[in-house]
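What follows draws every value from the coordinates through simple rules; no lab data is involved. Being a predicted model, the structure only gives us computed values, none of them experimental. Every residue, glycine as well, gets a Cβ built from its backbone with ideal geometry; the counts of neighbours run over all protein chains shown.
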Amino acid sequence: MVMILALVAFYASIKGLKVLARFTTITFFLLLIVILASTVTFKSASLLNVKPFLGAGIPKILEWSIQSSFAYANMEILLVIYPYVQEKKNILKAALTSTLVITLIYTWIVFTSIYFSGPDLVLKQLWPFSFVAESFKIPVVNNFRYVNIIIWIVIAYKTIAVEFYASTKILTNIIKIKRKWVCFLLLPIIFVLPIFIDNEVIRRDILSKVIPWITSFNIAYVTLIALLTILIDKNKIINKKGEKIINEKI
């Protein structure tokens with residue numbers, strides 16, 4: 001499974017942005033199927049599981065919101081693909097729209113999981129939303145759990161492929177060699193890494209310590225770049241106005 005995962009990610013990454021764009025589009029619609037199917041569970045769920053709303057208090061909610069930061073990671077990849085975007089005027093709208101969609105999907109999955117299982121049981125499950133999928137009763141489909149697993153595997157392929165592409169693109173700019181060779185250099189890492197982190201509990205423990213720092217760094221890094229870009233643009237505008245005034249005087 002690890003070899004298949006690595007090879008699919010490798011193939012999609014080495015083919016470039018067009019293949020990745022088609023891949024992500026397919027996985028997005030597959031995810032929508034799962035989201036729509038999850039509404040079936042509302043008949044057997046209880047509203048008491050999500051009450052009282054905001055009962056934990058705002059400080060606690062903000063504290064635990066850090067745990068969800070991984071869902072919004074990799075948005076900075078936009079900086080990597082920005083030079084290849086043809087319609088740069090629409091990139092801000094696309095970025096904000098995608099962030100809103102991700103927020104809504106993540107919130108829906110968390111809400112559905114708690115609504116169906118309750119807050120106590122959710123904490124004991126590794127994959128709460130997969131547990132919800134087991135209760136789906138859909139005509140023709142005997143067990144939606146397997147459909148759900150297949151869809152999430154495809155989404156995992158997509159995520160690794162996108163991260164693989166971004167990693168190889170960044171390394172190519174640093175070490176100045178062809179991206180194709182960088183892909184071959186990174187491929188063994190994908191094979192070897194799961195051997196050392198083969199336990200889901202260990203993986204989550206590592207990520208819970210690493211992701212908040214990575215996300216904080218990325219936010220600070222992207223914010224700094226944005227501020228520098230604004231300052232540079234303002235200086236260019238001021239310089240152009242200054243040159244125009246001098247030319248008019250001459």
Please compute the length gained on full extension between VAL101 and GLU200, using 0.36 nm multiplied by the number of residues separating them and subtracting their Cα-Cα distance.
32.9 nm
Lys and Arg at +1, Asp and Glu at -1: neighbours of TYR157 with Cβ under 15 Å from its Cβ sum to +2
Can you compute 3J(HN,Hα) from phi for each residue in the stretch 201-214, using the Karplus curve 6.51 cos²θ - 1.76 cosθ + 1.60 with θ = phi - 60°, rounded to whole Hz and x for Gly and Pro?
5, 5, 4, 5, 5, 5, 5, 4, 8, 8, 4, x, 5, 5
So, with points 7 Å from each Cα along the Cβ direction, the ILE174-ILE225 label distance in nm works out to 1.4 nm
Pull out the extension gain between LEU62 and ALA156, defined as 0.36 nm times the separation in residues minus the alpha carbon to alpha carbon distance; nm, one decimal.
31.1 nm
For the pair TYR84/VAL110, report the inter-label distance in nm, with labels modelled 7 Å from Cα in the Cβ direction.
3.2 nm
Rounded to 0.05, the calculated FRET efficiency for the beta carbons of TYR146 and ASN235 at R₀ = 51 Å is 0.30
Modelling each spin label as a point 7 Å along the Cα-to-Cβ direction, I'd like the SER216/GLU76 distance in nm, to one decimal.
1.4 nm
